[in-house]
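Quick notes on the structure that follows.
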Amino acid sequence: MFDLSWVDRRVFLESVATAAVGGLATAAVRGAESTLVDAVGDAAANSAIQPETLRPNMTGQYGPWLAETVLGDRPAALSFRTGRWADVKEWRAAASKRTWDCMAPVNLGAAPNVRIDTVHEFDGLHVEQLSWQLPCGPRTDAVLLKPTAASGRLPGILALHDHGGNKFLGWRKIARADDSPWKVQVQHQEKSYESLAWANEIARRGYAVLVHDTFPFASRRVRVADVPPRLRGEGVDPEPDDLEGIKKYNTFAGNHEHIMEKSLLSAGTTWPGVYVVEDQRALDVLCGRPDVDASRVGCAGLSGGGMRTVFLGGLDDRIRCAIAVGFMTTWRDFLLDKCFTHTWMTYVPLLPKDLDFPEILALRVPAATMVLNCTEDPLYTVDEMKRADQIMRETFERAGASAMYRCNFYPGGHKFDRAMQADAFAWFDRHLQPTV
């Protein structure tokens, strides 16, 4: 292979023409042009990665072209790293607008009317089970936790539940409201949270913590009975104690994701365009409570909750402190290696040309931001997690806010264990609790 990038085609042809006269000149020019076109064509053909040297990826021989040419390796068009913006506020305004435009958010109205369904005490916590009706779908169930002895206005946490391939559960993945948790709830917390209900743990430290079901999980899930028979497969609408039925439901819900994605796109919206707005309505509920200091509110979540943190934390200025756990990498990582491990809820059409994935969360600069990764997490490649960290660091550095960003790496797989929770809670305390 040889490089013709230095050749100026017009200058080359004119120099050939000058060296000859009449018909000889014409022949020379035509011959030179043909030779140049052939050479460029040969160079392009030779530059294609051959099957024997291709690194396996999600789209085979198309992968390098999509990653290097279509997506590209330079900072995206609206990246703060391009140096186009001297003022971080101007960058945030432009990049946030583009992100919202690509998401095509739905209109879910104003803050919902909240109904308090039960109030009780459990394990040192005041527990309220709440619900509200949005303009679409079933009622949203939620739980509010705070210390029983708390008084005055507390800092608030919107705790965002994960995806985990389990749409039967929502807020119960990360919270407990009583001493009789569902078996599937206990199993989920054992697997992902080292048996802790982390929403309860952070509430005990002096926070008002709201956890809600988001679209389409738990109370907000799609019922099998409500879709055409051809889509149901072996899916059922189970009771909480029917573990086999819950497995069947979650298989149905997983298979239904591509149907939901196509339907959302056909409606002129996207998956983030729905759940981010739902999360904002939950944030309205939290910030509107008289026992919450709306100027000291944070959000966090593992996996799908980390994904939700990326979007909500990046796009809603009410989030003073955001912690994304187990969901940070680059569009390149999804494109080449890991899109098969992720939900359709992740993707925003057209946005990758303007912002890399970590830059959605970086839209919150200079507000406090933490990212927690695990080095053996099969959902991402380590190199791209590290590249995402570098993108975040550079953005915060350019904004003069290096101290407001932290990224930690831990051994092990996909999780939010006790050690990681301890670091996250300390970060919340640092930025949300009043100084003594």
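The values are calculated or read from the model by the stated rules, or taken from the named source; none is laboratory data. Computed from a predicted model, the values in this text were never measured in an experiment. Neighbour counts run over all protein chains shown; Cβ positions are idealised from the backbone, glycine included.
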Residue within segment 313-324 that is over 18 Å from residue 427 (Cα atoms), of a type in the set (A, V, I, L, M) and touching an Asp or Glu at 6+ places or on another chain (Cβ under 7 Å) present
no
Unmet criterion (only one of (1) touching a residue at least 60 places away in the same chain (Cβ under 8 Å); (2) closer than 22 Å to residue 203 by Cα) for residue 318:
(1)
Can you tell which of 285, 310 is in contact with a strand residue (DSSP E or B) (Cβ under 8 Å, 6 or more places away or on another chain), assigned to a helix (DSSP H, G or I) and without any contact (Cβ under 8 Å) to a residue 60 or more places away in the chain?
310
Flagged in segment 204-252 as farther than 30 Å from residue 287 by Cβ and touching a residue at least 24 places away in the same chain (Cβ under 8 Å), in numbering order, are 224, 227, 231, 238, 240, 241, 243, 246, 249, 250, 252
Could you tell me whether residue 332 is within 16 Å of residue 382 (Cα to Cα) and part of a helix (DSSP H, G or I)?
yes
Taking the criterion of being surrounded by fewer than 22 Cβ atoms within 10 Å (Cβ to Cβ) and either touching a strand residue (DSSP E or B) at 6+ places or on another chain (Cβ under 6 Å) or over 25 Å from residue 258 (Cα atoms) (or both), would at least one residue in segment 325-333 satisfy it?
no
Residue identified as in contact with a Phe, Trp or Tyr (Cβ under 9 Å, 6 or more places away or on another chain) and closer than 29 Å to residue 147 by Cα among 309, 329, 341:
309
Would you mention how many residues in segment 338-384 are hydroxyl-bearing (Ser, Thr, Tyr), crowded, with 23+ Cβ neighbours inside 10 Å and either touching a Lys or Arg at 6+ places or on another chain (Cβ under 7 Å) or in a helix (DSSP H, G or I) (or both)?
1
Take the conditions aliphatic (A, V, I, L, M), crowded, with 21+ Cβ neighbours inside 10 Å, in contact with a strand residue (DSSP E or B) (Cβ under 9 Å, 6 or more places away or on another chain) and assigned to a loop (DSSP other than H, G, I, E, B) and apply them to residue 175. Does it pass?
yes
Can you tell me how many residues in segment 77-129 are in contact with a strand residue (DSSP E or B) (Cβ under 9 Å, 6 or more places away or on another chain) and either closer than 30 Å to residue 393 by Cβ or in a strand (DSSP E or B) (or both)?
14
Qualifying position, being closer than 25 Å to residue 313 by Cα and not basic (Lys, Arg), among 197, 150, 177, 225:
197
So, in segment 195-211, of the ones that are more than 23 Å from the chain's Cα centre (by Cα) and not in a helix (DSSP H, G or I), which residue ends up surrounded by the fewest Cβ atoms within 10 Å (Cβ to Cβ)?
195
Boolean, residue 106 is of a type in the set (Val, Ile, Thr), on the phi < 0 side of the Ramachandran plot, touching a Ser or Thr at 6+ places or on another chain (Cβ under 8 Å) and modelled with pLDDT of 50 or more:
yes
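Table: residues versus (1) modelled with pLDDT of 95 or more; (2) surrounded by fewer than 23 Cβ atoms within 10 Å (Cβ to Cβ); (3) of a type outside the set (A, V, I, L, M).
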| site | (1), (2), (3) |
| --- | --- |
| 232 | yes, yes, yes |
| 243 | yes, yes, no |
| 268 | yes, yes, yes |
| 276 | yes, no, no |
| 294 | yes, yes, no |
| 297 | yes, no, no |
| 310 | yes, no, no |
Hey, residue 257 within 20 Å of the chain's Cα centre (by Cα), of a type in the set (D, E, K, R) and buried (at least 19 other Cβ atoms within 10 Å of the Cβ) or not
no
Only one of 269, 214 is under 28 Å from residue 379 (Cα atoms), hydroxyl-bearing (Ser, Thr, Tyr), in contact with a Leu (Cβ under 8 Å, 6 or more places away or on another chain) and in a loop (DSSP other than H, G, I, E, B), namely 214
Report every pair of residues separated by at least 6 positions or lying on different chains whose Cβ atoms are under 8 Å apart, first residue within segment 63-92 and of a type in the set (Val, Ile, Thr), second part of a helix (DSSP H, G or I).
88/80; 88/398
Number of the exception - residue 350 against (1) among the hydrophobic types (A, V, I, L, M, F, W, C); (2) out of contact with any strand residue (DSSP E or B) (no Cβ under 6 Å at 6 or more places or on another chain); (3) more than 15 Å from residue 99 (Cβ to Cβ); (4) in contact (Cβ under 8 Å) with a residue 40 or more places away in the chain:
(3)
Taking the stated definitions as given, is residue 394 at pLDDT 95 or above, outside any strand (DSSP E or B) and either of a type in the set (Ser, Thr, Tyr) or surrounded by fewer than 23 Cβ atoms within 10 Å (Cβ to Cβ) (or both)?
yes
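Out of contact with any helix residue (DSSP H, G or I) (no Cβ under 8 Å at 6 or more places or on another chain) and of a type in the set (Lys, Arg), is that true of residue 418?
yes
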